[in-house]
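Step one of this worksheet: look at the structure below.
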Amino acid sequence: MEPVFIRKPTDEERALLESQPIWEHEVATWDTVYDEREETCLVVSGHAIVTTRDGVAYSFGPGDLVTFASGLDCTWSVVEGISKHYIFDMNK
């Protein structure tokens, strides 16, 4: 599996994620590591680019279902204030 996987959600996934907490962030750039947990999110608004340490960039925005693999070491760049629902270890 890719370290960042982007696709459109199924109706069931959308319903599940819309019942989860919301995380918001203004325009900024920072480094992060997804330690031991996988995160899946549904982007409500905004736009971000996540770049892996080996230079692969993943761009996502409204309506995208994004999964960040555990162990991912990356740089987040929020290019337009973002809002997303999130859940950890959805696929386990």
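The values are calculated or read from the model by the stated rules, or taken from the named source; none is laboratory data. In this text, all values refer to a predicted model and were calculated from it rather than measured experimentally. When we count neighbours, we look across all protein chains shown, and the Cβ atoms used for this are built from the backbone with ideal geometry, even at glycine.
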Taking first residues from region 41-66 that are touching a residue at least 24 places away in the same chain (Cβ under 8 Å) and over 10 Å from residue 83 (Cα atoms) and second residues anywhere that are among the polar types (S, T, N, Q) and part of a strand (DSSP E or B), the pairs with Cβ under 6 Å that are 6 or more apart or on different chains are 49/59; 49/77; 51/75
Taking region 70-92 and keeping only residues that are surrounded by 16 or more Cβ atoms within 10 Å (Cβ to Cβ) and at pLDDT below 95, one is left with 90
The number of residues in region 38-58 that are out of contact with any His (no Cβ under 7 Å at 6 or more places or on another chain) and under 15 Å from residue 5 (Cα atoms) is 12
